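Here the structure is laid out as structure tokens; the discussion comes afterwards.
The values are calculated or read from the model by the stated rules, or taken from the named source; none is laboratory data. The shown structure was predicted, so the numbers you read here are calculated from the model rather than taken from an experiment. As a convention, Cβ positions derive from the backbone with ideal geometry for all residues, glycine included, and neighbour counts pool all protein chains shown. Just so you know, the surface numbers come from the protein's heavy atoms only, side chains and all, with ligands and any DNA or RNA stripped out. Shrake-Rupley method; radii C 1.70, N 1.55, O 1.52, S 1.80 Å.
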Amino acid sequence: ETITPLPEIAWVREGAIEVGVVNVPYNYAAPDGPRFDLRVARVKHTGPIREGVILWNFGGPGGEGVPMLEFVADYFSGPLTSYDFVTWNPRGTDGSDELGCTDDATAWEAILDAYDGSLEASSVEALLETMRDFIDSCRSSNPDLIDHMGYMSWTDDMESIRIALGVEQLSYFGASAGTALGAVYAQRYPERVGRFVLDSNVSPHGGLQALLM
């Protein structure tokens, strides 16, 4: 789908980082429909020249990037001073149209109550039913968003961030599930790929069982 042109990000200082928003559609196939803001953050380059932007994703999937940025910028302050560091809170997380699902502790307790660790059909079905209940709680909290989660929407969000940053190509560091996200982005937007670091081989196919095996 074509990404709608976006205004430059209006950065606001919050402590050691700058924060802003990028306005994106819930459904990229219907870009004129309802939209929401993604929360993004930046630490500007400290060297004498600016070589570009590194976009960071720390996995999850769905892990919030903004709280991690200051630590990452400090850790890599030596070798990468010529790059702006940018990250974002993925859709459905804090500041990015957060999903109001059942809280993690309650969901985890429900899973422990429902699943005894066996592969018996009744136990597996109880686990799946508990997971369906969790997803239903997410859907009821934010019905506009729940059907537009996943790698396609996430990589379109990355492309929207690139456009709002005003750069021709992204450099990217993906950790954990961010590896798969970077791989999907590179497949869909190959002309926008600069230097990509994918720290582990994570397939976007096969689900949790395939990942654990």
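Stretched out straight at 0.36 nm per residue, the stretch from ILE135 to MET152 would grow longer than its current Cα-Cα span by 4.2 nm.
By the helix-only formula, in which each DSSP H run with n ≥ 4 contributes -39500 (n - 2.57) and the sum is divided by residues, the chain has a 222 nm mean residue ellipticity of -11000 deg cm²/dmol.
In the context of the full set of protein chains, residues of the chain present 54 Å² of accessible surface per residue (probe radius 1.4 Å, heavy atoms only).
Loop-located GluC sites (Glu not before Pro) across region 46-82 with a Cβ neighbour count of 15 or fewer within 10 Å are GLU51, with loop assigned by DSSP. Around the Cα centre of the chain, unit charges on the Cβ atoms of Lys, Arg, Asp and Glu (plus for the first two, minus for the last two) sum to a dipole of about 1000 debye. What residue among PRO31, PRO48, PRO67 shows peak mean-square fluctuation when the chain is described by a Gaussian network model with Cα springs under 10 Å? The residue that fluctuates most here is PRO48. Using only Cα atoms and rounding to the nearest 10 degrees, what angle (0 to 90) does helix 104-114 make with the longest principal axis of the chain? The helix 104-114 is inclined about 30 degrees to the chain. Result for the chain in a Gaussian network model with C-alpha springs under 10 Å: among SER77, SER141, SER123, the largest mean-square fluctuation is at SER123. Exposed loop sites are taken as trypsin sites (Lys or Arg not before Pro) in a DSSP loop (any state but H, G, I, E or B) with at most 16 other beta carbon atoms within 10 Å; the longest stretch of the chain without one runs 51-213.
Against the main long axis of the alpha-carbon atoms of the chain, helix 121-141 sits at an angle near 50°.
Solvent-accessible area of the chain (1.4 angstrom probe, protein heavy atoms only): carbon and sulfur portion equals 55 percent. Taking every alpha-carbon pair under 8 Å whose residues sit at least 6 apart, the chain reaches a relative contact order of 21 percent.
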